[in-house]
1. (1) without any contact (Cβ under 8 Å) to a residue 24 or more places away in the chain; (2) touching a helix residue (DSSP H, G or I) at 6+ places or on another chain (Cβ under 6 Å); (3) surrounded by 16 or more Cβ atoms within 10 Å (Cβ to Cβ): which one isn't true of residue B:285, the others all being true?
2. Considering each of A:205, A:290 in turn, give the residue that is surrounded by fewer than 17 Cβ atoms within 10 Å (Cβ to Cβ), on the phi < 0 side of the Ramachandran plot and outside any loop (DSSP other than H, G, I, E, B).
3. Residue B:339 - would you say it is more than 14 Å from every other protein chain (Cβ to nearest Cβ), assigned to a helix (DSSP H, G or I), within 14 Å of residue B:178 (Cβ to Cβ) and within 21 Å of the chain's Cα centre (by Cα)?
4. Starting from the stretch B:253-280, take each residue that is within 14 Å of another protein chain (Cβ to nearest Cβ) and more than 17 Å from residue B:68 (Cβ to Cβ) and list its partners that are surrounded by fewer than 18 Cβ atoms within 10 Å (Cβ to Cβ) and modelled with pLDDT under 95, counting only C-beta distances under 7 angstrom and pairs at least six apart or across chains.
5. Of all residues being crowded, with 19+ Cβ neighbours inside 10 Å and out of contact with any helix residue (DSSP H, G or I) (no Cβ under 7 Å at 6 or more places or on another chain) in the stretch A:169-199, which is farthest from residue A:143 (Cα to Cα)? Just the residue, please.
6. Might you let me know whether the stretch A:372-379 holds any residue that is in a loop (DSSP other than H, G, I, E, B), in contact (Cβ under 8 Å) with a residue 24 or more places away in the chain, facing another protein chain (nearest Cβ under 9 Å) and buried (at least 21 other Cβ atoms within 10 Å of the Cβ)?
7. If we keep just the residues of the stretch A:302-329 that are surrounded by fewer than 21 Cβ atoms within 10 Å (Cβ to Cβ) and outside any loop (DSSP other than H, G, I, E, B), which is farthest from the other protein chains (Cβ to nearest Cβ)?
8. Residue A:390: more than 10 Å from chain B (Cβ to nearest Cβ) and touching a residue at least 40 places away in the same chain (Cβ under 8 Å), yes or no?
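The values are calculated or read from the model by the stated rules, or taken from the named source; none is laboratory data. This structure is a prediction, so every number in the text was calculated from the model and none was measured. Quick reminder, even Gly has a Cβ in these numbers, built from the backbone with ideal geometry, and neighbours come from all protein chains shown.
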């Protein structure tokens, strides 16, 4: 096991971190399959409203590769298909029956997996709706099945600070985990399993599979950060990654032949004890919580994700729902207060003098200004980018220069936007630039 | 609701939308946000944000300048008293100093903000806090006797030509406050030159008092140190700063206090300040060793060079302006070091200028993008390409 030394990241401690306990919440009447959190997808609907679907039947596929299907996480009748502006598919909502009726695939035992042809495994994953678990760098698009990745990175911690803990997801899942690693070995010779060092001790038997530990500091467990710190050549830039919960799902699916519907997620609210939640894929947010105040933001991650509303459903790639206070309040002389309770990576608040756990809020704390070259973004970027220079290249539409400066190494952790005193939306600028470059290229 | 907030809310319709004073909306906005710090909800990821913003950032520079400002006001009054042959007390020195210094600051802020507001209105953006610093830095680099119309012209040049023609804050190549000073320095050398005029109340023209840097020991045939000591510029007074000179530059200790505050809070990059002091030390020691001109500043040694003139003021407050300094850390070390180096070169070798720090900083401002370019090229050569 190797200890990765990553020096830059966010060292602030937050209130409301989830506890390791697990409670069960059953979903209410509807289950949804969201298309909003699937990067780059151009969905093509395969079903109509009022149609009855089984658990595992395809609801839509990707126009770019129609063999990659996205399947229903429940059995029931399609209640409605929600479109956004310009008829963009947002989600398919299913009113579900009490009993699951599965679309059955071939169940493959661990010993048979080894002899199973790779092509068959790929088509089963694509048909079963789980090929999307494999994401390919640099843009983290759905992996290209014809490509042999130089390595596959499994990060046991999720992409946000508040994502479920690995020890909770892995509880009694040792076999599935090992089975999952066997699946990965069919695709690449080099499997990286990385975990936040804080969680390493709690993993028990799993420890022997860990190849790297990373410091307990967001976002050092992000696959993009791990890749940047271990890559040796530019071929490694086309590696794949998969998250832990998806690896377990994949293993359950191939070994049982049924679409796995369980999902472990976290729900964090201010001033409350936040347990992990065992629920179902595509659960409606209504089922998880009753009310959100107007002075709160509900997101699927503090740094990543999107703003969600209670009537929508949790996406395939989302496993944390965060309620963050967001009081749009103007503070008298706010810019010069000593700030004992105001977290900052800079040394301009007294809160830096003592080790405090902070309650964050979802407001901007200032107004947008021009970049003044202060290098706060550079000091926090885990992948050693010079975000201010990259941003200037992107804004000047000099994409070549931006790429040379390492734009594609950006893991979109959001820390540059987090720290910018001029409140420039660096992460949005980078992610748009990567998207448009990637779409042009493909 | 706060009563002040009520007033702003009542005034707001006049300045926004179809209001009567829509044209000066940026001014209203700047005043309002000075009192009531805005914090709108985030709409894009990351949803949480750091509490530091540019208003606080710039206010910290003002805080760091306070010791320099207060001492500068006191010293101006004190020197003016000395020139009249009396030793003024603390309060009267302070009042006398304020009489000279405050008008300069008011003119600098007033005229500068006029240009800032004008450009903000035309370009339809908010007023940047950067000028709060520029508007205070500039007066502190001037002698107290400067005519106010020159202050107005100087700050106009600094803001318009030094900053706004490049696109405003964040896009300027040169430090606007130093650009303003350089403009006055070359346009009106009489009011700006090394022989600073000590402000005297009853005498419009003032009387001349040499600054430390214009002294040499050649006429008396004594060493530079004894010549300095004889004129009252021993290391002790240079350090504390009760000597004639520009308003803000005389006291080394006040500049150091500001510099330490800025370095601890991380507002100024310590690499520039430490690099600059290192550059100054190395170069002045080299001159001390190799030079045989016993009477001149070449032989003054590092501590005299550090405390005399405007070096500490310049390196702490001017060179650390993040916009005109390099944006990479190795670049900042080189930049700082070169400022120290060129300051000594100008002071010692160039007979045209007794003080070199202003020109050294402006010169390195021009080279900052080149330093960045070199550092980035080097860094990229170490990176595994991803294109």
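1. (3)
2. It is A:205.
3. Taking the combined requirement at face value, the residue satisfies it.
4. So the pair list comes out as B:266/A:347; B:271/B:329.
5. A:196
6. Filtering the stretch A:372-379 for residues in a loop (DSSP other than H, G, I, E, B) gives A:372-375.
Now narrow it down to the ones that are in contact (Cβ under 8 Å) with a residue 24 or more places away in the chain: A:372, A:374.
Filter once more, keeping what is facing another protein chain (nearest Cβ under 9 Å): A:372, A:374.
Filter once more, so that each one left must be buried (at least 21 other Cβ atoms within 10 Å of the Cβ): A:372, A:374.
Looking through the stretch A:372-379, at least one residue is in a loop (DSSP other than H, G, I, E, B), in contact (Cβ under 8 Å) with a residue 24 or more places away in the chain, facing another protein chain (nearest Cβ under 9 Å) and buried (at least 21 other Cβ atoms within 10 Å of the Cβ).
7. Ranking the candidates gives A:325 first.
8. Judged against the criteria, residue A:390 is a match.
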